[in-house]
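A short worksheet on the structure shown next.
A short reminder: the numbers here are calculations on the coordinates, not readings from a lab. Quick caveat, the model's predicted, so the values are computed rather than measured.
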Amino acid sequence: MPGSTDGATRTMGALTVGSLVAVTAYTVALGGNGWLWFGWVVLGLVTLCLMLLHGR
């Protein structure tokens, strides 16, 4: 169904949000790490693409 979100997309979204929380907590506790933020941005873009593809 167009516009619906299947289980894989919901799981990927939850993983993206959870990793954002983890990366933010790591940055606050131990200092910034550019590779963690780069990885999170890539994960976010993959999630966004997945949502756009499943939204069609």
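Size descriptors for the chain: radius of gyration and Dmax over Cα atoms are 13.3, 44 Å.
Axis angle, to the nearest 10 degrees, between helix 7-30 and the longest C-alpha principal axis of the chain: 10 degrees.
Between Val17 and Met51, residue separation times 0.36 nm minus the direct Cα-Cα distance comes to 10.8 nm.
Can you tell me the relative contact order of the chain? Whole percent, Cα pairs under 8 Å, sequence separation 6 or more.
Value for the chain: 65 percent.
Please determine, in degrees from 0 to 90 and to the nearest 10, the orientation of helix 34-55 with respect to the longest principal axis defined by the Cα atoms of the chain, where the helix direction is its Cα long axis. Relative to the chain, helix 34-55 is tipped by roughly 10 degrees. The length gained on full extension between Thr9 and Thr24, counted as 0.36 nm times the residue separation minus their Cα-Cα distance, comes to 3.2 nm.
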